[in-house]
């Protein structure tokens, strides 16, 4: 197993406050056959100075300083510039802390997958505040399938490790309308690949008051987040564009059932199509309140 090459892909932007802690957790991984490629997305603080110092002192750390693309496109750029010959690739944020056996567990579990098909490993995580005080563990009841991937991303990017085939699928068709890089990856692997979930928490997920994702928020924060993102913001429109682009690139790779499902979502809104989605016999979301909210969005044509 130790001969499998893993490339960790980190995108940074103005991360001087926490970047050193994260880098140390990567360098101290129990699995040793690792290369760390960091792309700085145009930081204006001292992030690049810290990165250069780590690169100078660690022969497996490589830094590229680029223009500001936004974190989604920065991760796609990292996939493009990464070594072609690696077995696995891991997304990494700049301010978390990884458990020392994260990559070891991922490689062990991915080692039995079909390397000719997309494969994705992801784990549970624990929530911490900005000062790394423990808040809570994430819900261990993860449900993942292509149906779910159309409406949410349960595979947090900083917990994910993908195989070389997944990388090839992504870089062959870099999306222009993608809500998150990890969501796009989840759709690919759930649609025509394999997903492995490890219920052990392998990442200390640092939560900030302005974090852009939903994980770790309490009920009030979650309500406000959804109002801003889905009602006031344009995220629902972006999800629809994401469906259409995925259909353009990968429709032929899906099985017949998933083709029909995707067509139902990409079809122009009609009341008949809305009713088909509202009364679809299988669940999309894990929590009943989320499922009810989703079906209301179906009915009124928001999704």
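The values are calculated or read from the model by the stated rules, or taken from the named source; none is laboratory data. Fair warning: this is a prediction, and the values are worked out from it, not measured in the lab. In this analysis, Cβ positions are derived from the backbone assuming ideal geometry, glycine residues included, and neighbour counts consider all displayed protein chains.
Listed by first and then second residue, the pairs with beta-carbon distance under 6 Å, at least 6 apart or on different chains, first residue in segment 69-80 and under 21 Å from residue 6 (Cα atoms), second modelled with pLDDT of 95 or more and surrounded by fewer than 18 Cβ atoms within 10 Å (Cβ to Cβ), are 76/174; 79/171; 80/171. All of (1) closer than 21 Å to residue 182 by Cβ; (2) modelled with pLDDT under 95; (3) surrounded by fewer than 19 Cβ atoms within 10 Å (Cβ to Cβ) hold for residue 138 with one exception: (3).
This table checks each residue for (1) over 18 Å from the mean Cα position of the chain (by Cα); (2) part of a loop (DSSP other than H, G, I, E, B).
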position: 8; (1), (2): no, no
position: 15; (1), (2): yes, yes
position: 25; (1), (2): yes, no
position: 32; (1), (2): yes, yes
position: 35; (1), (2): yes, no
position: 45; (1), (2): yes, yes
position: 54; (1), (2): yes, no
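Which residues, counting only those in segment 279-293, are touching a helix residue (DSSP H, G or I) at 6+ places or on another chain (Cβ under 9 Å) and either farther than 16 Å from residue 261 by Cα or surrounded by 14 or more Cβ atoms within 10 Å (Cβ to Cβ) (or both)? Steps first, answer last, please.
So the first thing to find is which residues in segment 279-293 are touching a helix residue (DSSP H, G or I) at 6+ places or on another chain (Cβ under 9 Å), and the list is 279-280, 282-286, 293.
Selection gives 280, 283, 284, 285, 286, 293.
Residue-by-condition table, conditions (1) modelled with pLDDT of 95 or more; (2) assigned by TED's automatic domain parsing to the domain that holds residue 156; (3) farther than 18 Å from residue 157 by Cα:
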| position | (1), (2), (3) |
| --- | --- |
| 14 | yes, yes, yes |
| 43 | yes, yes, yes |
| 55 | yes, yes, yes |
| 61 | yes, yes, yes |
| 92 | yes, yes, no |
| 107 | yes, yes, no |
| 112 | no, yes, yes |
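Of all residues in segment 115-153, those that are in contact (Cβ under 8 Å) with a residue 40 or more places away in the chain and closer than 23 Å to residue 293 by Cβ total 17. Of the residues screened, residue 265 is not one that is surrounded by 15 or more Cβ atoms within 10 Å (Cβ to Cβ) and either assigned by TED's automatic domain parsing to the domain that holds residue 125 or at pLDDT below 95 (or both). Among the residues of segment 121-144, those identified as within 12 Å of residue 200 (Cβ to Cβ) and part of a strand (DSSP E or B) are 121, 122, 123, 124, 125, 126, 137.
Results for (1) part of a helix (DSSP H, G or I); (2) within 25 Å of the chain's Cα centre (by Cα), shown as yes or no for each residue.
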| position | (1), (2) |
| --- | --- |
| 258 | yes, yes |
| 264 | yes, yes |
| 268 | no, no |
| 277 | yes, no |
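Exactly one residue out of 275, 236, 220, 202 is over 30 Å from residue 83 (Cβ atoms) and at pLDDT 95 or above: that is 275.
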